[in-house]
Structures are given as C-alpha cells and as structure tokens.
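Structure first, commentary second.
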Amino acid sequence: MDEALRRLAAVGPFFAVPFGKEPPGPGFRPLTELYGEHLGPYVAEVGRRIGTGPDRVAASTAQFGIASRLWSLGLGCLALAGRVPDLDPGRVWWRLPRAGSLELWLPEPGGLPAEALALTVLDNLDLLGTRLRERFGVSPKVLRGNTASGLVGALRVLTDRVEGDAAVVAAAALLAEGGPLAGTGTFLHEPGIGVAFVRGSCCLYYKVPGGGFCGDCVLRTR
C-alpha cells in the first residue's frame, strides 16, 4: 500500500496523502473528531470561505470535498495496486489549513481487498452524512448525489492518467442498478463532450455567491 500511495501522489493533489507514523505537521486529528465536536466549526469555516455562513450549502460543500478525497484515495489505490486503503474514520486523520482544502494523513495505511472499496468509503460517508442531516438539515438525496459525483469526478481523472480498468469496473458496480449509489444519476452523451454523468440532485453550490451550476448538475440540464 505504501508504494501505491507514493505513486498516487503524482496523479494530482486530491489523490496525494502523506502516510507513516510522523504527521506532516501539527494539528492533525482523527476524522472521528471532525464528525463529532469539530463538525460545527468546520462547516462554519467552509461557509465563511464560500460566503454562505454555516448553513446547508456549507454543509453540503464540506461533505462533497471529503467524499471526493476519499474516493480519490480508494479508487486510486485500486487502480494502481488492486487494493484499497483502510479509510475507517479512526484511521484517517485531518486538518484544515488556513488556506487550501482539507488535508489528510494516514498513520497506518493498512490495505484491504478491492471488494472493500464501497464498505471503507461509504461507511465513512454514512457516518458523516448522519451528523450533517442532524445538525444542518441536508437531505439524504443531496448527500448521496454528492457521493456519486465525487466518485465520477475521481474516476475521470484516473482514466486520463492511469492505465487499466479496475477503477472503472468498481465505479460502474457502485452506480449500477442494485449498487449502493443506484439512482443518483444517469450517463448521457453530449455533443462535443462525450459521455457525461448527470446527477439527479443538486449540491446547492448555485446558492454560493457567484457559484453557478456544476457541470453534472440536474438543474443545468433541465
């Protein structure tokens, strides 16, 4: 798993994660704490940065970012090594720098079989989603849509930069009928773009001052 994580850093910044016993700086805490006592302050900081305040939009944006990072690590390691890192919230540590997005660190990047991809990512996001619904009223449909969109976004980057179809096969199984993310969106062919994923929900980013619609937003295609 160590070698896969080293190679993954070259794919892009969302895929890069430091690992090992020594953190890459002060301030890292387990994700379990982010999902607990630090969730309110974290969403408030996201809201401050995007100009909405600590509301549903900030909560959705925060979850979207975390989902995208976790899928990038899981799919990326699967594509490179045929295994996935253990992303249990107690094993993944985080900090939010004064500038820039959420940073992660894996103190002990244990490897899991490829079949554990959905379990290790979705269990993590289910815990986060429960907290966000309770505290900020974000709908399950929005959160599931964010999760699917983060998956497809990570897959797009990987298919451009990493050979092999392991990530494609895994993502297709998650999105297909009967999969845990079934019904979150559809794949369409758009002239000049090719095959595009259109989600069945909106992440609410259009409510951010100057935000507009995301490329896969259901509102953009209506």
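The values are calculated or read from the model by the stated rules, or taken from the named source; none is laboratory data. If you're wondering where the values come from, they're calculated on a predicted model, not measured in any experiment. Note that each Cβ is placed from the backbone with ideal geometry, even for glycine, and that neighbours are counted across all protein chains shown.
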By residue number, the members of segment 93-117 that are touching an Asp or Glu at 6+ places or on another chain (Cβ under 9 Å) and closer than 16 Å to Ala9 by Cβ are Leu106, Pro109
Among Leu155, Leu80, the single one that is in contact with a Lys or Arg (Cβ under 7 Å, 6 or more places away or on another chain), in a helix (DSSP H, G or I) and crowded, with 18+ Cβ neighbours inside 10 Å is Leu80
Matching entry among Gly183, Gly211, Gly179 (being at pLDDT 85 or above, in contact with a helix residue (DSSP H, G or I) (Cβ under 6 Å, 6 or more places away or on another chain), assigned to a loop (DSSP other than H, G, I, E, B) and surrounded by fewer than 17 Cβ atoms within 10 Å (Cβ to Cβ))
Gly179
Tell me which of these Thr130 doesn't satisfy, since it passes every other one: (1) of a type outside the set (Asp, Glu); (2) crowded, with 17+ Cβ neighbours inside 10 Å; (3) within 21 Å of Leu204 (Cα to Cα).
(2)
Is it the case that segment 28-38 has a residue that's touching a helix residue (DSSP H, G or I) at 6+ places or on another chain (Cβ under 9 Å), closer than 14 Å to Leu106 by Cα, surrounded by 14 or more Cβ atoms within 10 Å (Cβ to Cβ) and not polar (S, T, N, Q)?
yes
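Name the single residue that is surrounded by the fewest Cβ atoms within 10 Å (Cβ to Cβ) among those in segment 1-27 being in a helix (DSSP H, G or I) and more than 19 Å from the chain's Cα centre (by Cα). Give the derivation first.
Keep residues of segment 1-27 that are in a helix (DSSP H, G or I), which gives 2-8.
Okay, now just the ones that are also more than 19 Å from the chain's Cα centre (by Cα), so 2-3, 6-7.
Values: Asp2: 12, Glu3: 10, Arg6: 12, Arg7: 16.
Step by step, filter segment 1-27, then rank; the result is Glu3.
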Give me the residue from segment 50-60 that is touching a residue at least 12 places away in the same chain (Cβ under 8 Å), touching a helix residue (DSSP H, G or I) at 6+ places or on another chain (Cβ under 7 Å) and surrounded by fewer than 23 Cβ atoms within 10 Å (Cβ to Cβ) and, out of that set, nearest to Leu204 (Cα to Cα).
Arg56
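Listed here are the residues, each with its yes/no results for (1) of a type outside the set (S, T, N, Q); (2) touching a residue at least 60 places away in the same chain (Cβ under 8 Å).
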site	(1), (2)
Asn124	no, yes
Arg156	yes, no
Thr159	no, no
Ala167	yes, yes
Applying the selection to segment 45-83, what residues are over 30 Å from Asp160 (Cα atoms) and of a type in the set (Lys, Arg)?
Arg48, Arg49, Arg56
Closer than 30 Å to Tyr42 by Cβ, in contact with a helix residue (DSSP H, G or I) (Cβ under 6 Å, 6 or more places away or on another chain) and of a type in the set (Val, Ile, Thr): is that true of Thr147 in this structure?
yes
Identify, from the list Ala148, Ala67, the residue that is crowded, with 23+ Cβ neighbours inside 10 Å and in contact with a strand residue (DSSP E or B) (Cβ under 8 Å, 6 or more places away or on another chain).
Ala148
Gly47 passes all but one of (1) assigned to a loop (DSSP other than H, G, I, E, B); (2) free of Cβ contacts under 8 Å to residues at least 40 places away in the same chain; (3) among the small types (Gly, Ala, Ser); which number fails?
(1)
I'm checking my understanding of the structure. Among residues of segment 90-111 that are among the aliphatic types (A, V, I, L, M) and at pLDDT 95 or above, which one is surrounded by the most Cβ atoms within 10 Å (Cβ to Cβ)?
Val92
Over 24 Å from Ala154 (Cα atoms), among the small types (Gly, Ala, Ser) and modelled with pLDDT of 95 or more: does that describe Gly27?
no
